[in-house]
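This report concerns only the one structure given below.
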Amino acid sequence: MIFGAVLAGGVGSRMKLADMPKQFLPLGSKPIILQTLDKFLANDRFDAVYVAINGDWLLYFEDLLQKYGVQDDRLRVVSGGNDRNESIMNVIADLNKTFGDNEDDVIITHDAVRPFVTARIINENIDGVLQYGMCDTVIPATDTIVCSPDGEYISSVPLRSELYQGQTPQSFNVRQLRDLYQSLTAEQKAQLTDACKIFTLAGKRVRLIEGEVYNIKITTVSDYKIAQAILGGKISD
């Protein structure tokens, strides 16, 4: 089976425009999270589409679904975890309980605050994970990246041609992701920045999927203004 997972467990501490998580801010005709969810529900390859929501905002999100008339039998809502990977594990726990633990199940995970993901990116993630077992959406780095462990001096300058900026979706074989995550120590889990590192720590090769420059993550006020500009809207300073 093929599962989608829109991850919205965060509280948006870097966004100072409103007293709510950034995924609920308006973008065009509806909140950011619903713009993103629409892209997943529009894809008929998904057997189920999950949304992992911060527990304090579950009722608010359910009200949004009703307000905007979002109805799809494939949609399931679960409480998010303390971080991205815990949210994914909460999704996996529910899908294992509901749909069983099947060897070939795959999950396409995506940030709720990346509303400009395209059908092409989603479909290539599905194709990639079915073929390779794991894949990550990226774009080539356009700026030179410098490494400075102490934050004061450059220790190295990696080859830009070998560097990519990570986006989402990130897609995985469900059973492999769950088992590898459970095999990590608490210290290793604390150092994870995204789910792909779970596989790289185990020496697994993660296939690259081509992203898009405009598949931005809305994290700061500047990101939000850019997103509004992409849609041709305006917001006040």
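The values are calculated or read from the model by the stated rules, or taken from the named source; none is laboratory data. Being a predicted model, the structure only gives us computed values, none of them experimental. Glycine also receives a Cβ, built like all others from the backbone with ideal geometry; neighbour counts cover every protein chain displayed. The protein model used for the area step is the full one, side chains on, heavy atoms only, and it has no ligands, DNA or RNA in it. Shrake-Rupley method; radii C 1.70, N 1.55, O 1.52, S 1.80 Å.
Summary table
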| item | result |
| --- | --- |
| Boolean, Gln71 is assigned to a helix (DSSP H, G or I), surrounded by fewer than 20 Cβ atoms within 10 Å (Cβ to Cβ) and either in contact (Cβ under 8 Å) with a residue 12 or more places away in the chain or out of contact with any strand residue (DSSP E or B) (no Cβ under 7 Å at 6 or more places or on another chain) (or both) | no |
| Test: residue in region 78-86 that is open to solvent by less than 60 Å² (accessible area, probe 1.4 Å), part of a helix (DSSP H, G or I), touching a residue at least 40 places away in the same chain (Cβ under 8 Å) and closer than 28 Å to Ser222 by Cβ | yes |
| Subset of region 99-111 [under 16 Å from Ala48 (Cα atoms), touching a residue at least 24 places away in the same chain (Cβ under 8 Å) and either among the small types (Gly, Ala, Ser) or surrounded by fewer than 18 Cβ atoms within 10 Å (Cβ to Cβ) (or both)] | Phe99, Asp101, Asn102, Asp104 |
| Conditions (1) open to solvent by less than 10 Å² (accessible area, probe 1.4 Å); (2) out of contact with any helix residue (DSSP H, G or I) (no Cβ under 9 Å at 6 or more places or on another chain); (3) not polar (S, T, N, Q): number failed by Gly55 | (1) |
| Those residues of region 87-110 which are closer than 22 Å to Asp44 by Cα, over 13 Å from the mean Cα position of the chain (by Cα) and in a helix (DSSP H, G or I), in sequence order | Ile92, Asp94, Leu95, Asn96, Thr98, Phe99 |
| Single condition Glu212 does not satisfy, out of (1) closer than 30 Å to Asp19 by Cβ; (2) open to solvent by less than 80 Å² (accessible area, probe 1.4 Å); (3) in contact (Cβ under 8 Å) with a residue 12 or more places away in the chain; (4) assigned to a loop (DSSP other than H, G, I, E, B) | (1) |
| Positions within region 173-209 being under 17 Å from the mean Cα position of the chain (by Cα), exposed (fewer than 13 other Cβ atoms within 10 Å of the Cβ) and assigned to a helix (DSSP H, G or I), in sequence order | none |
| Flag for Ala93 being open to solvent by less than 40 Å² (accessible area, probe 1.4 Å), small (Gly, Ala, Ser) and within 25 Å of Ile198 (Cα to Cα) | no |
